[in-house]
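Step one of this worksheet: look at the structure below.
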Amino acid sequence: MTPPPPPPRRLVCVTGAGGFIGSWLVKLLLSRGYAVHATVRDPHDPKNAFLKQLENAPENLRLFKADVLDGGSLTAAFAGCEGVFHPATPVPEEKTVDPEKEMLDPAVKGTRNVLEACSAAGVQKLVVVSSIGAVCFNPSLPRDRIIDETCWSDKKSCKENENWYCLAKTEAEEMALEYSEKNGLHVITVCPALVLGPLLQTVLLSTSSKVLLYVMKGGPDAIGNTFFPIVDVRDVADALLLVYDKAGPSERYICSQEQMDTKDFLDLMKSMYPNYSYTFKVVDVDTRVGLTSEKLKKLGWKPRKLEETLVDSVESHEKAGLVDDEPCRLPYLYRVPDAQE
Ligand SMILES: NC(=O)c1ccc[n+]([C@@H]2O[C@H](COP(=O)([O-])OP(=O)(O)OC[C@H]3O[C@@H](n4cnc5c(N)ncnc54)[C@H](OP(=O)(O)O)[C@@H]3O)[C@@H](O)[C@H]2O)c1
């Protein structure tokens with residue numbers, strides 16, 4: 001008897017697939033039998049070559065050249081896809097000089113282009129990677145308030161403080177959820193905390209990995225002793241696929257492992273890795289505690305322990321030869337105001 005034909009492969013697209021989160025998501029999707037269209041800005045750039053080495057990539061991964069600022073470039077990548085995951089947004093490492101060009105356009109116009117291209121291609125579901133930067137930057141939130149998905153960053157404060165990253169992520173996420181309600185596209189947003197974890201690539205280094213590198217190497221910038229929520233990149237990938245499978249339309253999910261302050265995090269790092277220098281100042285700033293991922297956990301999300309994330313992150317950065325004696329800076333977003341240039 002002839003065996004039944006295999007079930008059709010589910011085809012999805014991931015934007016910014018060469019990035020930290022994008023690449024772990026591609027790896028997860030391939031391991032679950034999905035066929036993946038992966039967008040990168042330059043498929044011939046050697047920094048993206050690692051994607052083709054992922055397990056199941058030869059048969060199930062296709063790279064597409066696309067820039068989210070050019071809506072038309074997304075058409076071929078989204079064609080035939082049942083779902084799209086959208087992590088592609090720059091995460092600035094230095095002070096933003098031209099906020100429109102560097103942050104707002106790629107985040108907000110870029111997300112608008114992704115939404116419209118999804119509708120045009122008949123995509124059923126879109127998962128947008130937002131950030132807790134769209135949730136927590138709000139001085140009027142009461143200090144004893146547990147921060148959940150009903151909280152939004154205050155766009156006026158973001159502008160006044162020239163926090164263009166938080167402004168861009170807030171505007172992009174708001175727009176995506178509004179679009180979902182008005183246009184019937186099933187959009188879900190996920191707001192990760194600071195993402196750490198092992199790297200799949202050795203050439204590209206995400207801004208959040210540079211926060212960990214700074215902690216290990218030290219340098220001239222002060223770190224604020226404030227709340228410091230962290231999440232593992234592999235758990236972010238799990239969360240993105242989980243909400244894709246299970247969440248209703250226009251839903252928003254905070255994605256953070258454990259709640260801790262900078263000092264607790266540094267104490268943990270020092271106890272696990274006493275030989276790094278940790279030579280930087282820690283300055284007390286307004287501390288807000290209590291961010292919850294209960295909504296995501298109720299959907300079935302099980303993040304790993306922070307210790308596991310730190311061990312795997314440190315080992316991966318060491319193995320990639322990134323922990324050298326070169327001076328380094330703390331990414332601008334994490335420098336406390338009195339230490340900024
Ligand atoms: N890492 C974190 O701690 C963290 C926390 C919360 C939220 N997030 C969000 O997670 C997402 C991914 O962050 P990540 O940490 O994975 O950063 P990443 O490693 O720097 O990846 C960002 C990706 O976006 C792509 N990209 C930038 N501008 C683009 C454009 N105009 N068109 C197409 N692609 C573009 C980059 O492609 P190229 O390689 O071509 O530059 C890169 O692949 C972002 O939306 C970020 O806001 C990150």
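Nothing in this text is a laboratory measurement; each read-out follows from the coordinates by a stated rule. Values in this document were obtained by computation on a predicted structure and should not be read as measured data. A quick note on method: Cβ atoms are made from the backbone with ideal geometry, for glycine too, and the neighbour counts reach across all protein chains shown.
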* Asked: Taking 0.36 nm per intervening residue step and subtracting the Cα-Cα distance, what contour gain separates Glu315 from Lys298 on full extension?
  -> 3.0 nm
* Whether segment 71-172 is rounded, prolate or oblate, judged on the alpha carbon gyration tensor where a/c under 1.5 counts as rounded -> oblate
* To do: Could you tell me the convex hull volume per residue, in Å³, taken over the Cα atoms of segment 205-245?
  => 90
* Asked: Which FRET efficiency value, to the nearest 0.05, do you get for Asp245 and Lys109 by plugging their Cβ-Cβ distance into 1/(1 + (r/R0)^6) with R0 = 51 Å?
  -> 0.95
* Arg62 versus Glu160: modelled label distance in nm, points set 7 Å from Cα along the beta carbon direction -> 5.0
* Structure fact -> Answer check: segment 128-270, Cα atoms, Kirkwood Rh, Rg/Rh ratio of 0.98
* Structure fact -> Restricted to segment 1-135, the DSSP antiparallel beta bridge percent, nearest 5, is 0
* What is the projected area of the convex hull of the Cα atoms of segment 1-150, averaged over all directions, in nm²? -> 12.7
* Structure fact -> Among segment 117-134, those whose backbone N falls under 16 Å of a label point 7 Å along Cα→Cβ from Lys182 are 117-120
* Could you work out how far apart the two model spin labels at Thr202 and Ser31 are, taking each label as a point 7 Å from the Cα in the direction of the beta carbon, and quote it in nm? => 2.1
* How far is helix 306-319 tilted off the main Cα axis of the chain, in degrees rounded to 10, range 0 to 90? -> 90
* Structure fact -> Counting sequence-distant residues (5 or more places) and residues on other chains, those with an amide H built under 5 Å from that of Leu291 are Ile147
* Asked: How far is helix 20-31 tilted, in degrees, relative to the longest principal axis of the Cα atoms in the chain, given as a value from 0 to 90 rounded to the nearest 10?
  -> 40
* To do: Go through segment 227-233 residue by residue and turn each phi into a ³J(HN,Hα) via Karplus (6.51, -1.76, 1.60, θ = phi - 60°); whole Hz please, and just put x for glycine and proline.
  => 6, 9, x, 10, 9, 7, 4
* Asked: Which residue fluctuates the most in the chain, going by a Gaussian network model with Cα springs under 10 Å, if the choices are Asp42, Asp264, Asp98?
  -> Asp98
* Could you state the number of Å between the C-alpha centres of segment 1-51 and segment 264-321? -> 28
* To do: For Val97 paired with Ile146, estimate the spin-label separation in nm (one decimal), with each label point 7 Å from Cα along the Cα-to-Cβ line.
  => 4.6
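Averaging over all projection directions, find the projected area of the Cα convex hull of the chain and quote it in nm² with one decimal place.
Projected area, direction-averaged: 18.4 nm².
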* To do: Pull up the cross-link candidates among the aspartates and glutamates for Lys305, meaning alpha carbon to alpha carbon under 19 Å and not fewer than 8 places away within one chain.
  => Asp232, Asp235, Asp238, Glu258, Asp261, Asp264, Asp267, Glu294, Glu315
* Along the Cα-to-C-beta direction of Val285, a point sits 7 Å from the Cα; which residues of segment 124-142 have their amide N less than 19 Å from that point? -> 131-142
* All-pairs Cα distance distribution in segment 37-108, expressed in whole percent, bin size 10 Å -> 17, 43, 31, 9, 0
* Structure fact -> Percent antiparallel among DSSP beta bridges confined to the chain, nearest 5, equals 10
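Out of all DSSP beta bridges with both ends in segment 179-327, state the antiparallel percent to the nearest 5.
Expressed as a percentage, antiparallel bridges in segment 179-327 total about 15.
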* To do: Calculate how steeply helix 262-272 sits against the longest principal axis of the alpha-carbon atoms of the chain, using the helix alpha-carbon long axis, and give the answer as 0 to 90 degrees to the nearest 10.
  => 90
* Asked: In segment 18-106, which trypsin sites (Lys or Arg not before Pro) fall in coil by DSSP and have 13 or fewer other Cβ atoms within 10 Å?
  -> Arg32, Lys95
* Asked: Can you list the lysines whose alpha carbon sits under 19 Å from that of Lys298, skipping same-chain ones fewer than 8 residues off?
  -> Lys246
* Asked: What is the packing order of peptides 136-144, 112-120, 81-89, taking the mean over residues of other C-beta atoms within 10 Å and listing the highest first?
  -> 81-89, 112-120, 136-144
* Asked: When you take every Cα atom in segment 182-341, what is the radius of gyration, and what is Dmax, the widest Cα pair distance, in Å?
  -> 16.8, 54
* Structure fact -> The extension gain from Tyr278 to Thr2, computed as 0.36 nm times the residue separation minus the Cα-Cα distance, is 92.9 nm
* When the chain is treated as a GNM, springs tying every alpha-carbon pair under 10 Å, which of Lys295, Lys156, Lys182 comes out with the largest mean-square fluctuation? -> Lys182
* Links that overshoot a 25 Å alpha carbon limit, given the list Lys125/Lys182; Lys27/Lys65; Lys270/Lys319; Lys210/Lys295; Lys95/Lys156 -> Lys210/Lys295
